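These notes concern the structure reproduced below.
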Amino acid sequence: MPVTVVRFNLVDPAATPAPLSERYRAAVEMAAYADDRGITTVQTEEHHGADNAWLPSPLVFAGAVLGATRRISVTVSALIAPLYDPLRLAEELAVLDLTSGGRLVTVAGIGYRPEEYAMLGRDWHRRGRLQDETLETLLKAWTGEPFEHQGRTVRVTPRPYTRPHPLLLVGGSSKAAARRAARLGLPFFPSAHLPELEAYFHACREEFGTEGWCMMPPAQTPLLHISEDPERAWALYGEHLLHEARTYASWQTGSAIHSNVRSRADGVAELRREGVYRILTPEECAEFASSADGGGNLVLHPLCGGMPVDEGWRSLHLFGEKVLPRLGE
């Protein structure tokens, strides 16, 4: 059975408060539907100051989803950890872990947009050190014991539900990220299919004598939309997929940035040929899941790039009613 994911970043390039509120409420309702259907996880993410209203508060959204669901996990991939006060972050993650019974998964990334650091008053040039300080503080805080923090003794309560601590992975596509994960004994989640980086992570683990594992993304993890008529859907909604692709492309300008969601398309037709975003029939989606290219993951993106909410529901219903039953065959 493949891992099934419903992804939300709540982007809407034409956002005004009322329809954006509808989009947020629909996403929580979609998460509840996904939970009822046995979908594995809801994935969300974080960006700040974006013109298209990209979700800036993934933990608040995660709390809403966890409160509306019973079984499904919520993965924040990624949380830009250096942008947070580490003690408050430890408290918030502990409370989410307690209220959800351990269903929150946090991938701590370092980010790749200097303007986000500037907006929130963080030093971009110290991002590696800030990441180290944040992760180290989280691990100390979750013991429930007093510890020294910035020259004072502090104690963070309550302790989380999950032992020894909530599931926390280190994200990234650099050797520094892999080495950081190995040093801290945390799992590593590369942002793209990078086998050589996984090997480096395990070599660092042996050096530090730590435990850990790597959650390597498949070589292909396309973002999916489901339609009975893909030709019509591309014609009507392809611009929404292209909007997200272009937004990512405008941010991922450095050669050191690696991501499974990376498109070079200039138009809808090129985006369709490229395959990073795909519109499939339910039958095609089920076949893709069982193929070698599927890699064991299906990532549905029902509200991609400002997709109309009713079309997002159509995609999710087709996935739940016509794809999921075929996956166990």
Checklist line | Number of the exception - Pro158 against (1) touching a residue at least 40 places away in the same chain (Cβ under 8 Å); (2) surrounded by 18 or more Cβ atoms within 10 Å (Cβ to Cβ); (3) on the phi < 0 side of the Ramachandran plot; (4) not charged (D, E, K, R) | finding: (2)
Next item on the list: Please work out which residue is modelled with the lowest pLDDT, limiting yourself to the stretch 202-234 and to residues that are of a type in the set (Val, Ile, Thr) and surrounded by 15 or more Cβ atoms within 10 Å (Cβ to Cβ).
Entry: Thr221
Notebook entry, point to check: What's the number of the condition Arg264 fails, among (1) surrounded by fewer than 18 Cβ atoms within 10 Å (Cβ to Cβ); (2) in contact (Cβ under 8 Å) with a residue 24 or more places away in the chain; (3) outside any helix (DSSP H, G or I)?
Noted result: (2)
Notebook entry, point to check: Of Val28, Val11, which residue is among the aliphatic types (A, V, I, L, M), part of a loop (DSSP other than H, G, I, E, B), assigned by TED's automatic domain parsing to the domain that holds Ala289 and within 13 Å of Leu303 (Cα to Cα)?
Noted result: Val11
Check: Got at least one residue in the stretch 194-216 being hydroxyl-bearing (Ser, Thr, Tyr), in a helix (DSSP H, G or I) and outside the structural domain of Ser315 (by TED's automatic domain parsing)?
Finding: yes
Item checked: Long-range neighbours under 6 Å by Cβ, at least six apart or interchain, first residue among the hydroxyl-bearing types (Ser, Thr, Tyr) within the stretch 29-48, second surrounded by 18 or more Cβ atoms within 10 Å (Cβ to Cβ) and part of a strand (DSSP E or B) -> Thr40/Thr4; Thr41/Val5; Thr41/Ser73; Thr41/Thr75; Thr44/Phe8; Thr44/Val76
Check: In the stretch 161-190, which residues are more than 17 Å from the chain's Cα centre (by Cα) and either among the acidic types (Asp, Glu) or surrounded by fewer than 22 Cβ atoms within 10 Å (Cβ to Cβ) (or both)?
Finding: Tyr161, Thr162, Arg163, Pro164, His165, Ser174, Lys175, Ala176, Arg179, Arg183, Leu184, Gly185
Next item on the list: Within the stretch 273-328, count every residue that is in contact with a Leu (Cβ under 9 Å, 6 or more places away or on another chain), of a type in the set (D, E, K, R) and in a loop (DSSP other than H, G, I, E, B).
Entry: 0
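The values are calculated or read from the model by the stated rules, or taken from the named source; none is laboratory data. On a predicted model such as this, the values are computed, not experimentally measured, just so you know. Backbone-built Cβ (ideal geometry, glycine too); neighbour counts: all protein chains shown.
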